[in-house]
Amino acid sequence: MAQNAPNYAQLHQIKYVKLVYHYLISNAIYLLIVPILVAMLLHLSTLTIEDLMNHFTMLKSCSALVVFLATVYLMSRPRNVYLVDFSCYKPHERFMMSKQLAIENISNIFDDESLIFQQKILERSGLGDKTYIPIDTIPFKYTFSSYVNEAEEGIFGAIDDLLAKTRVKIRDIGIIIVNSSLFNPSPSLSSMIVNHYKLGVHVITYTLGGMGCSAGLISVDLAHRLLQGQANNTYALIVSAEIVSAGFYIGKQRSRLLPNCLFRMGSSAVLLSNRSSDRRSSKYQLMRVVRTHKGADDRAYRCAYIDEDENGKRSVSLSKDLMAVAGEALKTNITTLGPLVLPMSEQLLFFASLIARKVFKRKMKPYIPDFKMAFEHFCIHAGGRAVLDELQKNLDLPEFLMEPSRMTLYRFGNTSSSSIWYNLAYSEAKGRIKKGDRVWQIGFGSGFKCNSVVWRALRTVDAAKEKNPWTDEIQDFPVHLPC
């Protein structure tokens with residue numbers, strides 16, 4: 001037994017050596033500049049007045065060129081995009097439902113086998129007893145009006161809260177992007193917002209459908225492109241919502257029963273700006289967007305799929321390949337993201353590992369870059385307990401960094417594309433967001449897609465002044481989750 005015990009002293013030494021290595025590589029530029037500056041000063045001390053005057057004339061010419069090039073760069077560089085603020089909808093208590101009550105409410109519409117299966121999934125899902133299910137779905141009447149009511153409840157609730165927080169006038173919003181996978185009426189959800197808030201005739205609207213739980217980050221990318229291009233000094237409003245009642249399945253196929261157990265009410269509203277004057281009042285600056293699409297692979301394309309069962313009932317089907325596909329998509333995504341965000345020390349270690357395995361045929365595990373050196377906060381889509389376990393394993397993350405995602409799943413369930421914003425709201429309510437912190441949001445969705453967005457905090461978020469769905473109960477978290 002003692003022989004298999006880990007050598008903690010050796011592990012501590014390895015960690016210390018790695019930290020020293022990281023420090024040396026990260027500060028290599030400064031270590032190189034110092035001797036160069038010393039050499040330059042020694043050389044200058046040997047020059048005469050005439051030599052210095054000749055150098056000064058040449059320096060003026062070089063300075064003029066530098067000023068010209070700097071001006072061209074500043075005029076042509078992409079605009080910065082800021083996240084002014086965001087809000088997450090907290091449903092009314094009348095929608096709150098425990099796992100046991102949820103099972104009782106569906107006991108008369110499923111056979112015993114399907115009911116027991118859903119009960120077992122719920123017990124292992126990572127969801128708590130205070131998630132929200134739209135009352136209109138009980139006794140689960142599939143009506144268009146119930147879908148509309150749920151959409152209006154969540155979308156308008158999130159937007160109203162956001163406008164109250166930011167004090168931005170609705171007429172100043174020039175772009176509206178709404179994403180919802182399952183419910184796409186005509187007129188569109190974005191048109192529903194325009195009508196409700198009586199927006200101007202020149203507002204640009206988009207509605208994204210069928211893009212799964214990663215659509216919120218796709219919306220961020222679309223808004224980013226619009227704000228850097230045709231839009232001039234304006235705001236972009238992004239709304240992420242999933243209509244639970246539109247996806248409820250009454251049947252026997254287990255792959256279609258899984259969404260019944262995981263998805264819950266939730267929506268978010270995000271306000272982006274390209275106005276330089278908004279930098280002071282904004283919370284975050286958008287740094288990176290990396291999108292990965294594995295749709296060319298048939299297995300990935302069909303792992304989260306909407307079609308009909310043998311009885312003609314339309315619903316979402318989740319295949320057994322979902323976790324494997326998600327892992328592959330994540331690896332592809334971080335292969336692109338890594339060089340953009342990781343410190344040089346981690347990139348060198350990864351490159352050395354790759355050379356050792358591919359060139360020298362060494363039998364060794366691939367080196368997993370330490371993304372904890374690139375980010376202080378991880379907002380991982382709360383798709384389910386298995387999804388979070390897989391990502392924690394792949395990224396080698398400690399439980400503390402997984403806490404926002406696990407608590408979001410526990411308290412609100414899988415709210416689809418809005419879950420990453422509930423994650424960030426949790427960290428803000430805990431008072432963990434400090435100026436300069438880097439936030440990595442990771443989303444997965446049908447297609448199959450894996451998307452990453454990186455933010456940098458422009459200021460420390462004061463938890464005492466923050467108002468979000470966690471504010472009134474944050475002292476009760478984290479909670480212990482059974483294994």
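The values are calculated or read from the model by the stated rules, or taken from the named source; none is laboratory data. Here the structure is a predicted model, which is why all the values come from computation and not from measurement. We place every Cβ from the backbone using ideal geometry, glycine too, and count neighbours over all the protein chains shown.
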- Task: Kindly indicate whether any position in segment 328-345 is surrounded by 18 or more Cβ atoms within 10 Å (Cβ to Cβ), among the small types (Gly, Ala, Ser), in contact (Cβ under 8 Å) with a residue 12 or more places away in the chain and closer than 25 Å to Asn451 by Cα.
- Result: yes
- Item | Within segment 168-187, considering residues that are assigned to a loop (DSSP other than H, G, I, E, B) and under 25 Å from the mean Cα position of the chain (by Cα), the one surrounded by the fewest Cβ atoms within 10 Å (Cβ to Cβ) | Asn184
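Condition check ((1) crowded, with 16+ Cβ neighbours inside 10 Å; (2) touching a residue at least 60 places away in the same chain (Cβ under 8 Å); (3) not assigned by TED's automatic domain parsing to the domain that holds Tyr301) across all residues:
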residue: Lys141; (1), (2), (3): no, no, no
residue: Phe144; (1), (2), (3): no, no, no
residue: Glu153; (1), (2), (3): yes, yes, no
residue: Leu163; (1), (2), (3): yes, no, no
residue: Asn195; (1), (2), (3): no, no, no
residue: His202; (1), (2), (3): no, no, no
residue: Tyr206; (1), (2), (3): yes, no, no
residue: Leu222; (1), (2), (3): yes, no, no
residue: Tyr235; (1), (2), (3): yes, yes, no
- Query: Can you tell me which residues in segment 448-460 are surrounded by fewer than 21 Cβ atoms within 10 Å (Cβ to Cβ) and either modelled with pLDDT under 95 or more than 13 Å from Arg280 (Cα to Cα) (or both)?
  - Reply: Val454, Arg456
- Message: If I go through segment 398-417 residue by residue, how many of them are over 21 Å from Gly445 (Cβ atoms) and either outside any helix (DSSP H, G or I) or among the basic types (Lys, Arg) (or both)?
- Response: 2
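Is it the case that some residue within segment 371-381 is at pLDDT 90 or above, assigned to a helix (DSSP H, G or I), over 30 Å from Gly128 (Cα atoms) and in the same structural domain as Lys120 (by TED's automatic domain parsing)?
Yes, there is a match, as at least one residue in segment 371-381 is at pLDDT 90 or above, assigned to a helix (DSSP H, G or I), over 30 Å from Gly128 (Cα atoms) and in the same structural domain as Lys120 (by TED's automatic domain parsing).
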- Task: Evaluate segment 235-242: report whether one residue or more is more than 15 Å from the chain's Cα centre (by Cα), closer than 23 Å to Glu153 by Cα and aliphatic (A, V, I, L, M).
- Result: yes
- Item | Test: Arg432 is modelled with pLDDT of 95 or more and part of a loop (DSSP other than H, G, I, E, B) | yes
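Picking from Gly174, Gly247, Gly212, Gly229, which residue would you name as being under 22 Å from Val290 (Cα atoms) and in contact (Cβ under 8 Å) with a residue 24 or more places away in the chain? Talk me through it step by step, then tell me what you get.
On the way: Gly174 fails: under 22 Å from Val290 (Cα atoms); Gly247 fails: under 22 Å from Val290 (Cα atoms); Gly229 fails: in contact (Cβ under 8 Å) with a residue 24 or more places away in the chain.
Answer to the selection: Gly212.
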- Residue, farthest from Leu262 (Cα to Cα), within segment 121-153, restricted to residues that are under 29 Å from the mean Cα position of the chain (by Cα) and of a type in the set (Lys, Arg): Lys130
